[in-house]
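Let me begin by presenting the structure, written as C-alpha cells, before commenting on it.
The values are calculated or read from the model by the stated rules, or taken from the named source; none is laboratory data. Owing to the predicted nature of the structure, the values given are computational and were not obtained by experimental measurement. Reconstructed Cβ throughout: ideal geometry from the backbone, glycine too, with neighbour counts over all protein chains shown.
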Amino acid sequence: MDKDEIIGLLNQDLEGEHAAIIQYLTHAYAMGEGEMACEIEAIAREEMRHLDWLAETIVGLGGTPSLNRGDMRVGGESVSDWMMNDVRQEEDGIALYEEHIKAIDDPKIRRLLGRILSDEKSHRGDFEHFVNKAQKEDAKDSRGSRQDKITQVLNWGIEHEYTVILQYLLHSYTTATEDVKKEMQDQAINEMQHLGWLSEKMVDEKGTPRIEHTKVDQSTKTVDMLQADIKIEREVAAEYDRAVKKIEAPDLKELLKRIRDHEVYHAEVFTDLLKKEEGQG
C-alpha cells in the first residue's frame, strides 16, 4: 500500500474521531452538570488525543489532515438513547480501525492504530455502562428552546470557537516552525475551554448549543497562517467587546469579557510570532 492510500485511510479515521468528539460533547453539554457528563467529556478528550496522533502521522507521510467531520448520531428521545448512539459510534470506529490495521503494512502505523483501538473498546464499555446508568438515574436533557439575544450571542461564540480550534490545530500540524506549532496548540486548547464555557452557559440559560463552524483558513505558509489568525482574533475580540456592552446579565458579561481578553492575548502572541517569522524570511 502506497503513502497516498495510507493517508486516505488515516483521514477516514481522523474524520471519525472528529465526529465522535462533537457527538460526545453535544451529549455531555446537554446533560448539564453531573458525574456522567464529566466522564463523557473525559472520553471526548481522549478522542482529541487520537485526532492529534492521526493528524501528526498524516503530516509525517506528506499528507494534509482532513477537516471533514464524519457522520454523527445526535438523535434520541432520552439520555439512554444518546448513550446507545455513542455505543454504536464506538462500534463503527472499532470496525474501521480493525479493517485499517489489516490493510496497512507499516508496523509503526499499525501499532498506533492498535493503541487507539484499545481505547475505543474501553469507551464502548463505558457507554454501555452509561446506558444502564442513565436509565436508573432517569437522566434528563437539560437543554431548552430559548431563542433571543442571549442565545444568539452564545451560539455565535460557539461557532467562532469551533472554527478557530480547527484552524489553529491545522496550522499547528502543517507549520514547519516549532514555536508557531507550540503556540497554535496552546491557543487551540484555550479555545476549547471557551467552547465548553459557552456551551455550558447556553444550557444554563435553557438554550441549545449549536456546535457548527464556519470557513477554516487552510494557508500552507506560516506567515499567511499567522496573518489569518491575527485577523480573526482581532475581529472576534472586537465582536466580543460589542456583545459585552449590549449584555446586561452580570455573569454572562464577565464570561464574555474573560474570553475577549484571551482573544486579545492570542492576537498579541501571534503578532510576535509573525514579526519573528518575517524577520527570518
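Please work out if K133 is under 28 Å from K206 (Cα atoms), assigned to a helix (DSSP H, G or I) and in the same structural domain as M84 (by TED's automatic domain parsing).
Yes, satisfied.
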Requested in this report: State all residues of region 142-153 that are surrounded by 16 or more Cβ atoms within 10 Å (Cβ to Cβ), in contact (Cβ under 8 Å) with a residue 60 or more places away in the chain and closer than 30 Å to A228 by Cα; if no residue qualifies, say none.
Outcome: I150, V153
Requested in this report: Please give the number of the condition A139 fails out of (1) surrounded by 14 or more Cβ atoms within 10 Å (Cβ to Cβ); (2) at pLDDT 95 or above.
Outcome: (2)
Query raised in the report: How many residues are free of Cβ contacts under 8 Å to residues at least 24 places away in the same chain, small (G, A, S) and over 23 Å from S142 (Cβ atoms) if we restrict to region 74-131?
Result: 5
Query - Tally, over region 234-257, of residues that are touching a residue at least 40 places away in the same chain (Cβ under 8 Å), part of a helix (DSSP H, G or I) and surrounded by 13 or more Cβ atoms within 10 Å (Cβ to Cβ) - result: 7
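Can you say whether S199 is polar (S, T, N, Q), within 30 Å of G60 (Cβ to Cβ) and either at pLDDT 95 or above or in a helix (DSSP H, G or I) (or both), as far as the supplied structure shows?
The answer is no for S199.
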Report task. Please indicate, with yes or no, whether at least one residue in region 161-170 is without any contact (Cβ under 8 Å) to a residue 60 or more places away in the chain, in the same structural domain as T64 (by TED's automatic domain parsing), in contact with a helix residue (DSSP H, G or I) (Cβ under 9 Å, 6 or more places away or on another chain) and among the β-branched types (V, I, T). Result -> no
Query raised in the report: What is the residue count in region 50-105 for residues that are over 15 Å from T174 (Cβ atoms), aliphatic (A, V, I, L, M) and not in a loop (DSSP other than H, G, I, E, B)?
Result: 9
Query raised in the report: Mind checking which residues of region 175-196 are β-branched (V, I, T), surrounded by fewer than 22 Cβ atoms within 10 Å (Cβ to Cβ) and assigned to a helix (DSSP H, G or I)?
Result: I189
Query - Sole exception among (1) within 16 Å of F127 (Cα to Cα); (2) crowded, with 20+ Cβ neighbours inside 10 Å for A42, by number - result: (2)
Query raised in the report: Given (1) in a helix (DSSP H, G or I); (2) within 29 Å of V203 (Cα to Cα); (3) out of contact with any Leu (no Cβ under 6 Å at 6 or more places or on another chain); (4) not charged (D, E, K, R), where does L113 come up short, assuming only one miss?
Result: (2)
